[in-house]
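> Take a look at the following structure, please.
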Amino acid sequence: MLLIRCPVCEMDRPELEFRYGGEAHIARPLDPSKVSDEEWADFLYFRTNPKGLHVERWRHTAGCGRFFNAVRHTVTDRFVTTYKSGEPRPDLEALARKLESAR
Amino acid sequence: MNAPFRTEAGGRVDRARPLSFTFDGKSYPGFEGDTLASALLANGVHLVGRSFKYHRPRGLLSAGAEEPNALVGVGRGGRYTPNLRATQVELFDGLVAESQNRWPSLGFDVGEVNDLAPAGLLSAGFYYKTFMAPAGAWKSVFEPIIRKTAGLGVAPQEPDPDHYTHRHAFCDVLVVGAGAAGLAAALAAAGAGARVILADEQAELGGGLLSERGATIDGVEASAWAERTVAALRANPNVTLLTRAQCFGYYAQNFLGIVERLTDHASSPHPDLPRERMWKVRAKQVVLATGAIERPFCFPDNDRPGVMLASAARTYVNRYGVRPGSRALVFTADESGYAAALDLASAGLAVVCIAELRAQADGPGARAARAAGLAVHPSTVVTGVSGRLRVTGATLGAIGPDGRVTPGQTVACDLVLMAGGWTPAVHLFSQSRGKLRFDEERQVYLPGVSAQDERSAGACNGTFGIAASLAEGFAAGADAATKAGFAATAPATPDVKGEIVPAGGFHGAVPHHRDPQKVKAFVDFQNDVTAKDIKLAVREGMRSIEHVKRYTTNGMATDQGKTSNMQGLAIASDALGKPMPQVGLTTFRPPYTPVTFGAFAGHSRGLAFDPIRRTPTHDWAAAQGAVFEDVGMWKRAWFFPRRGEDMHAAVERECRQVRASVGIFDGSTLGKIEVVGPDAAEFMNRLYTNPWSKLEPGRCRYGLMLNEAGFVMDDGVIGRLAADRFHVTTTTGGAPRVLAHMEDYLQTEFTDLKVWLTSTTEQWAVIAVQGPNARKVLEPLVEGIDISAAAMPHMSLREGRICGVPTRLFRVSFTGELGFEVNVPADYGQAVWEAVWAEGQKHDMVAYGTESMHVLRAEKGYIIVGQETDGTVTPNDLGLDWAIGKAKPDFVGKRSLTRPDLVKADRKQLVGLLTEDPAVLLEEGAQVAAVATPVRGTPALGHVTSAYRSPAAGRSIAMALVAGGRARKGQTLYVPMANGAIAVTVTDPIFFDPKGERLDV
Amino acid sequence: MSDATITAARRSPLSAEASSLGGVTLTPGAPLLRLILRGAEAAEAADTAFGADLPRRPNRSATAGERAALWLGPDEWLLLAPESDAASLPASLASALAQAPHALVNVSHRQTAILVSGSGVEPLLNAFVPLELTEAAFPVGMATRTIFEKAEIVLWRTGSAAFHIEVWRSFAPYVWELLEAVRRENAAN
Ligand SMILES: [Zn+2]
């Protein structure tokens, strides 16, 4: 069972309290009626699915109830960082470099 | 009764507490402190099992968790546990154990003919090669036969009467293993003030120290030092000592699983005690002190009862006071073999001679042995043994300078000890994702780069001997405590005297002069894999150890290759002519030893498997004889049978009475969400298809919720209590999903809205009163609300009181009749229900359950999300376009409704189906076809979503999703069934009161 | 909504009675007024009206007399008060908060309390709760939603060896029975 740091509770909490919410920073078009069928399908169904650092949404369901974002490594399953919903997406390349140099 | 092989004194068994046990029906004596294995040996019983494939007689190989042979079934009835290692089963008075995998008896087993089968018949790859064809024969012919004659123990038939429990635990330092290194680590860490958990699989803490003889620590016997140390640890409130606790798995972020056995060792344990407790430990730092496993030698007939690991014999003599034989031959390639020889000699066994595989026999062990008068033969191997059910002798061979073996003398003995060197137990380290490194000099894998906050100490780290293990344990404990935030220094290592430190070892098959095709030299005792099998696998093209393992099944039995993996690797590496690291190493996976299902389940079994959710009026329904159905975790009243009624009769009566007069129904499980805030209406506009801005407070509307892909995900009646407050209802099963969906949009997309969501599902008991007399029933009970038709029209909502209790009273209908839903605070649910029921008796009120609810709504063509929908159904498919606020610029799912796939003309649409024969009831889920006997492979036109006998329609009715269904009205379609197709006519999906005249009364 | 004048029989979701075994006392909580207050902007006005400062720090609680405010989320508090406040407190809070956007919802009957106290309380709860419960990790006054085996609860430490569990009513028997079962185990140990 992983420990996940909730940026709202400011605590490491057991994975059991959380729900996964898919890739983060997929913004819903402000006016969906203006986007083409193709763009809409992209928004609905297509995700990056990277090998490596993945930015994703989690919700501290059985905790503070807040959605937040996390950078998780899809190979090691390590959480690299978590941050509050609405905060900017971290620089993944810088994070990757930092991980590399920490090894 | 005397046990003939018990020593006169010594050992850690309690000779003042004699016990009695049975093995295969025969009664034997033993002592408190014995294992089943030690007690059997004390009685001269070596034959304890039959092997998996060849049914060869097998004896005790080891004295610990690595035991591959002595798998026994223990206990009776539901408490019967198969496949336990006799070496780990603690003796108690009255223990009942039996051998496995033999028929008709252990001494005479017909399966042994497998052992005489022509060479090659049961060799490696046998399963793959033999049972390839014909297709189907595997399942019907081969598998049942193999299952009957091969295999391990039999699972008990009865339910397990024991219970199991869990415990989450947290500590600064977890130490796994309580031998010299583990005790030292715990002592150092605890001394620094760290919270320590020390877990060991055995009943007594001390590990190898308990099997020592001769070595002293700080002037006392090693075992006495262990006792003293354990006492000191026990006195420290920061230390938790877990005995009989197997650490079986090392998971991410220093999360480790430990199973503690609480009752297996007791003859009459307290009934409230769980059999096992699973500890889920989160440790800041971990010290692995899991020791090492001695390697057997791979020589012909090395599996005969009486052939045993040298360390095991030492343990039996020193720790249990048992002589594992009378005349011992010691075969060694490690100094530790000499220690065993010396201990056996001192316990009164005749040590025939010591066969030293290595050319040099002048180490400290050999010197001590010679000094004690024991014969040591260097460059000597055992090339075979005589005896079938028990060793009677062994043949020696001399290794010449060219490596060839010349046959030598045959010696009479009843015990052959093997000291092939030590394999560090790196299982947990490897599970932690740490990287193993190969030690060229000793030819073993050792912990390399750590992936987690752990370190290894002692034999599992390749550090052998008491003194070195203590030093490394102290250092590891201090390091762990320091890294956990404590100021720690390693205590000074005590003075250790008189130990023979293990050194040496041998890998691969022992050379011999015999025809390799005619002998069996076992590598994996539990899966009957021989050296020959491994070589065959290599000849047949297996290059990686993972392939060799799967081809031969080496290391794949319940012991997970504890004594065989390294041996198999060495033989494969020899055959391939490649060094071991290039052949690879099989992956170590949890669990280290088998873990019961009960331990994993804990309390989540039987009635406690899931929460059982009951509504506030459950007890009333139960008292009325309701039959309940499970809806999610809820128990819902399904129907209320009267004497002699079946479900069909009860439902028909309930439905008729609702339409004739009035019925009462428990709607408490409906999900409820209070949507509150200045932007509540705007939020509702965005989350539901319908428009909400103009809905007046006090009015209700049917709400339809889509996911972003445009598919229906939920529906329910929604009432507006105030400008900024909505009372939303959801389906019973959808409640958590809908709230999560709303929260998602509110928190991550519509963050501009000032609105908040609160689940009120359980705040309110919901009493539905439905039928033409519903108003008459409620009128006398309601205070402060005018519920007349004029004052409170269909789809309205009022707040007031009923029976003195505050209520939110909805005028809504899911039956097509005049109806109300009385919401009262849940604790008052049953009192109000009883009052309504009492009043209802004046009108022959009927209580109805979910089955009648389904029939009544189906008669009206009302959908149920999850029954008429399956996640691929749009509002238009359901004929619900009227529920869409087309003027709204946006709502969740709106954009998708115009995607090409969602506007196709041949989409499946909801229709009614009427069978030609009104008595025939369709099956829900049945496929709908254009012709009676469609050609195989023709896609179905759709499927039946609901089908009931309708009292109101006087016939069977059904709803279905059918491609282009609305355009097919009047057509005849077919529902093909096993016993012939059923002809149906496509109709509107509404079967009663199509104009809805009964609602507005 | 006031419950003060009601005469209809009230039925608690827990029929069990308080009992002690092996150093742990289990007590079904008495009825309480329970309000969920949402809206960060309303907190300040609520402090005065409620009489205790709503905690702004995550997972903390504040008490004043018999009233308690538990932080459940950054704009979410569970307000607990004696039943006798049911007639007046919701109304006075509503009027005090009128100017700040907020949501106030009465959930008095949605959930119930189970009080657990005694020397063996930490290992008992840790049979099902995955959080570290030492006083260092979970100090007196800490409150949080969490998991209790397959139920969701709010766990609030009210004393060195005393916890207050809030649980939705239909899950309460499940939580109670599991606590009972492990209390028996631990007493037999
Ligand atoms: Zn949180």
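> Identify all residues within region A:66-103 that are away from the ligand (no atom under 16 Å from the Cβ), assigned to a loop (DSSP other than H, G, I, E, B) and either in contact with a helix residue (DSSP H, G or I) (Cβ under 6 Å, 6 or more places away or on another chain) or open to solvent by 40 Å² or more (accessible area, probe 1.4 Å) (or both); write none if there are none.
Of all residues in region A:66-103, those away from the ligand (no atom under 16 Å from the Cβ) come to A:71-78, A:80, A:88-103.
Within this subset, residues satisfying the condition of being assigned to a loop (DSSP other than H, G, I, E, B) are A:74-78, A:88-91, A:103.
The answer is A:T74, A:V75, A:T76, A:D77, A:R78, A:P88, A:R89, A:D91, A:R103.
> For region B:755-808, which fully contained strands (runs of 3 or more DSSP E) count at least 2 residues that are farther than 25 Å from B:H854 by Cα?
Numbers: elements: B:756-759, B:764-770, B:796-802.
Qualifying strands (runs of 3 or more DSSP E): B:756-759, B:796-802.
> How about region B:601-648: which of its residues are exposed (fewer than 13 other Cβ atoms within 10 Å of the Cβ) and within 36 Å of the chain's Cα centre (by Cα)?
Within region B:601-648, B:G606, B:L607, B:F609, B:D630 qualify.
> So is A:R57 open to solvent by 20 Å² or more (accessible area, probe 1.4 Å), within 10 Å of the chain's Cα centre (by Cα) and either within 14 Å of the ligand (Cβ to nearest atom) or modelled with pLDDT of 95 or more (or both) or not? Give the derivation first.
On the way: open to solvent by 20 Å² or more (accessible area, probe 1.4 Å): yes; within 10 Å of the chain's Cα centre (by Cα): yes; either within 14 Å of the ligand (Cβ to nearest atom) or modelled with pLDDT of 95 or more (or both): yes.
It is true that A:R57 is open to solvent by 20 Å² or more (accessible area, probe 1.4 Å), within 10 Å of the chain's Cα centre (by Cα) and either within 14 Å of the ligand (Cβ to nearest atom) or modelled with pLDDT of 95 or more (or both).
> Only one residue in B:L746, B:L721, B:L704 is open to solvent by less than 40 Å² (accessible area, probe 1.4 Å), within 14 Å of chain C (Cβ to nearest Cβ) and not in a helix (DSSP H, G or I), so which one is that?
Values: B:L746 fails: not in a helix (DSSP H, G or I); B:L704 fails: within 14 Å of chain C (Cβ to nearest Cβ).
Of B:L746, B:L721, B:L704, the one residue that is open to solvent by less than 40 Å² (accessible area, probe 1.4 Å), within 14 Å of chain C (Cβ to nearest Cβ) and not in a helix (DSSP H, G or I) is B:L721.
> Since C:Q111 meets every condition but one in (1) buried (at least 21 other Cβ atoms within 10 Å of the Cβ); (2) out of contact with any Lys or Arg (no Cβ under 7 Å at 6 or more places or on another chain), which condition does it not meet?
Only one criterion in (1) buried (at least 21 other Cβ atoms within 10 Å of the Cβ); (2) out of contact with any Lys or Arg (no Cβ under 7 Å at 6 or more places or on another chain) is unmet by C:Q111, namely (2).
> Follow-up question, since we're still on this one. Could you please find all residues in region B:553-567 being open to solvent by 10 Å² or more (accessible area, probe 1.4 Å), assigned to a helix (DSSP H, G or I) and over 15 Å from B:F588 (Cβ atoms)?
Selection gives nothing.
> Name the residue, out of C:A52, C:A91, C:A69, that is among the hydrophobic types (A, V, I, L, M, F, W, C) and within 14 Å of chain B (Cβ to nearest Cβ).
On the way: C:A52 fails: within 14 Å of chain B (Cβ to nearest Cβ); C:A69 fails: within 14 Å of chain B (Cβ to nearest Cβ).
The conditions single out C:A91.
> Further, regarding this structure: Just the residues that are charged (D, E, K, R), buried (at least 24 other Cβ atoms within 10 Å of the Cβ) and touching a strand residue (DSSP E or B) at 6+ places or on another chain (Cβ under 8 Å), please, taken from region B:456-496.
Quick first cut of region B:456-496, residues charged (D, E, K, R) only: B:472, B:479, B:483, B:495.
Subsequent filtering for residues that are buried (at least 24 other Cβ atoms within 10 Å of the Cβ) retains B:472.
Within region B:456-496, no residue meets the criteria.
> Something else about it: Return a yes/no flag: does region A:81-103 have any residue that is over 12 Å from the mean Cα position of the chain (by Cα), modelled with pLDDT of 95 or more and under 30 Å from C:W71 (Cβ atoms).
no
> Residues of region B:657-676 being away from chain C (no Cβ under 14 Å) and not aliphatic (A, V, I, L, M), which ones? Reasoning before the result, please.
Step one: of region B:657-676, the residues away from chain C (no Cβ under 14 Å) are B:657-665, B:667.
The answer is B:Q657, B:R659, B:S661, B:G663, B:F665, B:G667.
> Collect the residues in region B:338-374 that are small (G, A, S) and under 23 Å from B:P300 (Cα atoms), keeping them in residue-number order. If you could, list the steps in order and put the result at the bottom.
The initial filter retains those residues of region B:338-374 that are small (G, A, S), namely B:339-341, B:345-348, B:350, B:355, B:359, B:361, B:363, B:365-366, B:368-369, B:371-373.
Matches in region B:338-374: B:A340, B:A341, B:A355, B:A359.
> Filter region C:112-130 for residues that are among the polar types (S, T, N, Q) and at the interface with another protein chain (Cβ under 7 Å from one of its Cβ atoms) and give the result. Spell out how you get there, then give the answer.
So in region C:112-130, the residues among the polar types (S, T, N, Q) come out as C:112, C:117, C:119, C:126.
Residue satisfying the conditions is C:N126 alone.
> Only one of B:V595, B:V529 is out of contact with any Pro (no Cβ under 8 Å at 6 or more places or on another chain), away from chain C (no Cβ under 14 Å), in contact (Cβ under 8 Å) with a residue 24 or more places away in the chain and crowded, with 23+ Cβ neighbours inside 10 Å. Can you tell me which? Break it down into steps so the answer makes sense when it comes.
Values: B:V595 fails: crowded, with 23+ Cβ neighbours inside 10 Å.
The conditions single out B:V529.
Condition check ((1) open to solvent by 10 Å² or more (accessible area, probe 1.4 Å); (2) in contact with a strand residue (DSSP E or B) (Cβ under 6 Å, 6 or more places away or on another chain); (3) part of a loop (DSSP other than H, G, I, E, B); (4) small (G, A, S)) across all residues:
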site: B:L187; (1), (2), (3), (4): yes, no, no, no
site: B:G193; (1), (2), (3), (4): yes, no, yes, yes
site: B:L198; (1), (2), (3), (4): no, yes, no, no
site: B:E201; (1), (2), (3), (4): yes, yes, yes, no
site: B:L209; (1), (2), (3), (4): no, no, no, no
site: B:R213; (1), (2), (3), (4): yes, no, yes, no
site: B:S268; (1), (2), (3), (4): yes, no, yes, yes
site: B:R277; (1), (2), (3), (4): no, yes, no, no
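> Given the residues B:D343, B:D303, which is the only one that is open to solvent by less than 30 Å² (accessible area, probe 1.4 Å), of a type outside the set (A, V, I, L, M) and outside any loop (DSSP other than H, G, I, E, B)?
Details: B:D303 fails: outside any loop (DSSP other than H, G, I, E, B).
Among B:D343, B:D303, only B:D343 is open to solvent by less than 30 Å² (accessible area, probe 1.4 Å), of a type outside the set (A, V, I, L, M) and outside any loop (DSSP other than H, G, I, E, B).
> If I filter region B:152-182 down to residues being within 14 Å of chain C (Cβ to nearest Cβ) and not hydrophobic (A, V, I, L, M, F, W, C), which single residue comes out as nearest to B:A481 (Cα to Cα)?
My answer is B:D172.
> Given C:I147, C:I114, which one is at negative phi and under 12 Å from the mean Cα position of the chain (by Cα)? So that I can check it myself, show each step before the final result.
Details: C:I147 fails: under 12 Å from the mean Cα position of the chain (by Cα).
One residue alone meets the criteria, C:I114.
> Which one of the conditions (1) open to solvent by 60 Å² or more (accessible area, probe 1.4 Å); (2) closer than 28 Å to C:K150 by Cα does A:G63 fail to meet, given that it meets all the rest?
Exception for A:G63: condition (1).
> Also, quick follow-up: Being closer than 23 Å to B:E851 by Cβ and open to solvent by less than 60 Å² (accessible area, probe 1.4 Å) narrows it down to one of B:L973, B:L941, B:L999, so name that one. First the steps, then the outcome.
Working: B:L973 fails: closer than 23 Å to B:E851 by Cβ; B:L941 fails: closer than 23 Å to B:E851 by Cβ.
The conditions single out B:L999.
> Applying the selection to region B:619-656, what residues are without any contact (Cβ under 8 Å) to a residue 24 or more places away in the chain and within 11 Å of another protein chain (Cβ to nearest Cβ)?
Once the filter is applied, which keeps residues that are without any contact (Cβ under 8 Å) to a residue 24 or more places away in the chain and within 11 Å of another protein chain (Cβ to nearest Cβ), region B:619-656 yields B:M633, B:K635.
> For region B:86-115, how many residues are β-branched (V, I, T), in contact with a helix residue (DSSP H, G or I) (Cβ under 9 Å, 6 or more places away or on another chain) and in a helix (DSSP H, G or I)? Lay out the reasoning, then the answer.
As a first pass, look at region B:86-115 and keep what is β-branched (V, I, T): B:87, B:89, B:96, B:110, B:113.
When the remaining residues are screened for being in contact with a helix residue (DSSP H, G or I) (Cβ under 9 Å, 6 or more places away or on another chain), the result is B:87, B:89, B:110.
Applying the additional criterion that residues be in a helix (DSSP H, G or I) yields B:110.
Of the residues in that region, 1 qualify.
> For region B:836-859, indicate whether the set of residues that are within 12 Å of another protein chain (Cβ to nearest Cβ) and more than 20 Å from B:T731 (Cα to Cα) is non-empty. Before the answer, list the steps.
Taking region B:836-859 and keeping what is within 12 Å of another protein chain (Cβ to nearest Cβ), we get B:836.
So of that shortlist, the ones also more than 20 Å from B:T731 (Cα to Cα) come out as B:836.
Checked region B:836-859: at least one residue is within 12 Å of another protein chain (Cβ to nearest Cβ) and more than 20 Å from B:T731 (Cα to Cα).
> Just to be sure I understand, how many residues within region B:7-61 are touching a helix residue (DSSP H, G or I) at 6+ places or on another chain (Cβ under 9 Å), assigned to a strand (DSSP E or B) and modelled with pLDDT under 95?
Result for region B:7-61: 2.
> With the condition kept exactly as written, say whether any residue in region C:32-53 is within 16 Å of the ligand (Cβ to nearest atom), surrounded by fewer than 20 Cβ atoms within 10 Å (Cβ to Cβ) and part of a loop (DSSP other than H, G, I, E, B).
no
> Can you tell me which residue within region A:13-41, out of those that are more than 9 Å from chain B (Cβ to nearest Cβ) and among the acidic types (D, E), is most open to solvent (accessible area, probe 1.4 Å)?
A:E38
> Would you check which residues across region B:510-526 are open to solvent by 60 Å² or more (accessible area, probe 1.4 Å) and not in a loop (DSSP other than H, G, I, E, B) and list them?
Answer for region B:510-526, where residues must be open to solvent by 60 Å² or more (accessible area, probe 1.4 Å) and not in a loop (DSSP other than H, G, I, E, B): B:P516, B:Q517, B:K518.
> Let me ask something additional. Would you call B:A826 under 43 Å from the mean Cα position of the chain (by Cα) and not aromatic (F, W, Y)? Can you show your working first?
Numbers: under 43 Å from the mean Cα position of the chain (by Cα): yes; not aromatic (F, W, Y): yes.
Judged against the criteria, B:A826 is a match.
The values are calculated or read from the model by the stated rules, or taken from the named source; none is laboratory data. In this text, all values refer to a predicted model and were calculated from it rather than measured experimentally. Ideal geometry is used to build each Cβ from the backbone, glycine not excepted, and the neighbour counts take in all protein chains shown. Keep in mind that these areas ignore ligands, DNA and RNA; they rest on the heavy atoms of the full protein, side chains included. Shrake-Rupley method; radii C 1.70, N 1.55, O 1.52, S 1.80 Å.
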